[in-house]
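Everything below concerns the one structure shown next.
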Amino acid sequence: MTTKFTVIGQRVHNVDGTEKVTGSAKYTFDVVLPNMLYGKVKRSPYPHAKILKIDTSKAKKLIGVKAVVTGKDTLGRKQGIWRRFPELCDEEILCRTKVRYIGDPVAAVAAIDEDTAEEALDLIEVEYEPLPAVFDPLEAIKEDAPQVHDGVELNININRHIEWGDVDEAFQKCDHIREDQYKCSSQAHVCMETHDAVASFGHNGKLTVWTSSQSSYYIQRLYADMLDMKESDIRVMNRHTGGGFGSKFELDSAQFPAAILSQKLCQPVKIVLSREEEFTATKRRTPMYYFLKLGATKDGKLLAKEARVITEGGAYTAMGATALYLTGFFSSFPYKYPNYRYDGYRVYTNTAVTSAMRGFGAPQSTFVGESQLDMMAEDLGIDPIEIRRKNGMTPNYEVPGQAFIQSCGLHQCLDKIEDHIKKRGKLPPNHGIGVSAYGFMSGGIFNWFNTPYAFSAAVVRINIDGKVDLYTGACDIGQGSNTTLSMICAEELGVKLEDVRIFSGDTGICPPDLGAWGSRETLMNGNAVKRAAADAKRQLLEFAAAHMGANIVYDLDIKDRWVHLVDRPERGVSYFDIVKAAIRGKDGNAIMGRGYYTPHRKGMISPAYSFGVQIAEVAVDPETGRYKLVNVTTAHESGTVVNPLGIEGQLEGAIMMAGGYGYCEDQPMDDGKILNPSIADYKLIRSLDMPETEILEIDTYEPEGPFGAKEAGEGLTNPTAGAIGNAIYKAVGVRINDLPITPEKVFKALREKKQKAK
Amino acid sequence: MKKELKFKVNGQPYDIFVKPKALLSDVLRIELGLTGTKRGCNSSSCGACTVMLNGMAVKSCSVLALQANGAEVVTVEGLAKGNKLSPLQRAFLDHGSYQCGFCTPGMLMSSTALLTENPKPTKEEIKEGIDGNICRCTGYNSIIRAITAVVKGDYKEAK
């Protein structure tokens, strides 16, 4: 690149930073409106039951209660985010006839305060007829298993097949084949702000909603489906959002009941889920049974891989269909398998719904794949780095029939990590270093939501004082997209970051964007923002050319608020003067630029992929199995780094979440009841458990991305569980094939190993 | 029956009436409109509601408002002096020690209380000081770096 960036790559404060460190940032949780009521949701105590009768009369009589609603107050529609396939839209949110998991909503109350609403819940009498229930997907696919949804054969919600090459023939040519089984656990998102919404219907029949969300557009459209409204009569605003991680882009049990209650009363209704509801009745990471077969030549060339997966779907489809597909696709990552086959089944169970969570099926596939690959390397007597180098993806590689990978820095990452391991030198006894390689997508291509809109859009308005308003439907959920997108806008326009003010996540004023999921904002929305800024800039440069009397042979540009000839940068004029002239010359209209982005002809999965290699160092106490995460170092490439402080935060934060997935986070159940629905009981990594973290940045340039940038959000969640598993094995020689790798499991494995040795 | 609560919040005296079972966090948020203090669990496990009560960090979701009678409470809104941010606030900005920002008020209050009590904590003491606060976004290390920078004297108190 010959162009020097003036904004991109700078270590800047987030555009909303001062609001966040002063407590003035307004979250949905903080929204208070005149005449506002507080809502609460009544939920099923049974994993599977018929609703025979709901009596709300006593609750309605309680002083302070304004309304009680049940499924009968809805249009009785079923919704789901895979809108393209009506059979996958299977969730009523307020159940009318049947409940399918403990926590399924059956009624909701609006009252003058939370305490009154809570009290009213106990007065709602629901008569159930409990039905036989099924909790484990391996049980649910049996012939005589209870049916979670009528007419769904063997409870199989959806299946996926991916195949290329000739897998069976290739296995016959392999010198060595491994077959292994794994179990990947669930994980809760644990957003610090629980799901919440303030819904306000006016007497004009229009709905306004403040909600903590990853996609205002999806929520707007899903409301329209469920309420039989025009989507433009619904305004959804995502202000500051206290975390998402995949849990906040489907219509949820705060948003929908709040709207139904508000519709009845024409008063604003606020529902904030409790932490217990958050753990038991929102969506979660998909548990998976994994069966892997891997074949290689004796010098470590991987010839064939077969993956068979059965996932615990829980009660409804949600985003589980995507997780099922992506875990299958990413089971081939980040290696060049000439022959590959995947069969995945998502099975309905009477448990809390499993859906999207950061990494989206890839943390599971990376844990199992990287564990097995290390064992393969050991069987063959090959170094773990070497086997990854021998088979790793390279730039301009086509995953047969699936995807085209342009930029790929995997091999540079492997080199850097190898150096880093050498530098760490000889480890103390019972310490081990495990390696794990990964890749991830920069947003999804498949239009399962069935939107007619461009996937990303932005509008740029330049005002008379040269200040820039940027409008986009992108949602900042903490990942920093407001900052990254403002930086892209400022860079393209040639102004300073402080000249840009972003308005995002408000369907009333912003062009639609699919939102923050699948690590899509930087690449997809970034492209839309860059194009919108370029459109506005072109209009300015037309005036500049006339104003400067520049000959047509001169190319003009703007950098750092200076409009100039590209070849003779000293010849130029102030950006502010050109803006004033341009607006006058346009009949006094502010300069408006528009930009859109939808990936075309980029394969089936994503327009770009990022790569990395991570190592974890653990110190194990061989007597007790207790271990400490000492250090996690990641060599990572994400194309051009737009916002370095943001990427560091994504990386370290991912280690907290993915380390937790490997080490301690789990949702044990007893007959469909989650046993640890509180932060005290749900173990996650706190500051004292957090390992040292180091980042080794690798330079790459992604041709498809804005200024060469690509994903840096979710991919980082993929490697850590595998790195921990491999490190434990290096340290004390035991392998744990079911997550999380708790000290208790390590202890048991060590004891077994000792007994076998006797 | 509501009872009288006289206390100071961020230096401002208040004389109000609250229900005996009202939590300090709810009174700060709802009665006084100080919504910087968050609620993440309502069971003193996550630290998002941390405020300073007579100089000590407490989880305001587990303190009855009436227990603060006669006390001095500092919330995140009280950290800046006018338009001047506190050293910790500036350090958090520079080190990117926040993402979604929902835990940040509690995190700032725990670290402010830590440095009030122990201006020169070791790294381990810093980790212990914020161990009651969960952050799901940052992975803590950028927060620890920010506090360390303040301890080293990189950020002076605004005049």
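The values are calculated or read from the model by the stated rules, or taken from the named source; none is laboratory data. Just so it is clear, the model here is predicted, and its values are computed rather than measured. In this analysis, Cβ positions are derived from the backbone assuming ideal geometry, glycine residues included, and neighbour counts consider all displayed protein chains.
Descriptive notes on the structure:
Okay, residues lined up against (1) under 16 Å from B:I144 (Cβ atoms); (2) hydroxyl-bearing (S, T, Y):
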{"site": "B:V63", "(1), (2)": "no, no"}
{"site": "B:L66", "(1), (2)": "no, no"}
{"site": "B:S97", "(1), (2)": "yes, yes"}
{"site": "B:G106", "(1), (2)": "yes, no"}
{"site": "B:L115", "(1), (2)": "yes, no"}
{"site": "B:E124", "(1), (2)": "yes, no"}
{"site": "B:G129", "(1), (2)": "yes, no"}
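- Take the conditions (1) within 14 Å of A:E19 (Cα to Cα); (2) buried (at least 24 other Cβ atoms within 10 Å of the Cβ); (3) more than 7 Å from chain A (Cβ to nearest Cβ); B:N133 misses just one of them, which is (1).
- Some residue of segment A:55-68 being touching a residue at least 60 places away in the same chain (Cβ under 8 Å) and among the polar types (S, T, N, Q): yes
- Residue selected from segment B:68-88 under the condition of a type in the set (A, V, I, L, M, F, W, C) and within 14 Å of another protein chain (Cβ to nearest Cβ), by the criterion farthest from A:V21 (Cα to Cα): B:V73
- Residue in segment A:599-611 that is more than 23 Å from A:H564 (Cα to Cα), more than 29 Å from the chain's Cα centre (by Cα), at pLDDT 95 or above and of a type outside the set (A, V, I, L, M) present: no
- Of the residues making up segment A:614-655, those that are within 19 Å of the chain's Cα centre (by Cα) and either within 30 Å of A:R751 (Cβ to Cβ) or more than 13 Å from chain B (Cβ to nearest Cβ) (or both) are A:H636, A:E637, A:S638, A:I655.
- Condition check for B:V76 on (1) over 19 Å from B:C49 (Cβ atoms); (2) in contact (Cβ under 8 Å) with a residue 24 or more places away in the chain; (3) not acidic (D, E): one failure, at (1).
- The residue of segment A:546-567 that is nearest to the chain's Cα centre (by Cα), among those that are in contact (Cβ under 8 Å) with a residue 24 or more places away in the chain and outside any strand (DSSP E or B), is A:D560.
- Of the set (1) assigned to a loop (DSSP other than H, G, I, E, B); (2) assigned by TED's automatic domain parsing to the domain that holds A:Y46, all apply to A:A120 but (1).
- Matching option when the condition is buried (at least 19 other Cβ atoms within 10 Å of the Cβ), more than 10 Å from chain B (Cβ to nearest Cβ) and either aliphatic (A, V, I, L, M) or under 24 Å from the mean Cα position of the chain (by Cα) (or both), among A:P719, A:P691: A:P719
- The single condition from (1) away from every other protein chain (no Cβ under 12 Å); (2) surrounded by fewer than 19 Cβ atoms within 10 Å (Cβ to Cβ); (3) in contact (Cβ under 8 Å) with a residue 60 or more places away in the chain; (4) out of contact with any Phe, Trp or Tyr (no Cβ under 7 Å at 6 or more places or on another chain) that B:A65 fails is (2).
Residue by residue, here is whether (1) surrounded by 15 or more Cβ atoms within 10 Å (Cβ to Cβ); (2) part of a loop (DSSP other than H, G, I, E, B); (3) free of Cβ contacts under 8 Å to residues at least 24 places away in the same chain holds:
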{"position": "A:A544", "(1), (2), (3)": "yes, no, no"}
{"position": "A:P569", "(1), (2), (3)": "no, yes, yes"}
{"position": "A:R584", "(1), (2), (3)": "no, no, yes"}
{"position": "A:V613", "(1), (2), (3)": "yes, no, no"}
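- Residue check, B:V51 crowded, with 20+ Cβ neighbours inside 10 Å, more than 14 Å from every other protein chain (Cβ to nearest Cβ), touching a residue at least 40 places away in the same chain (Cβ under 8 Å) and not hydroxyl-bearing (S, T, Y): no
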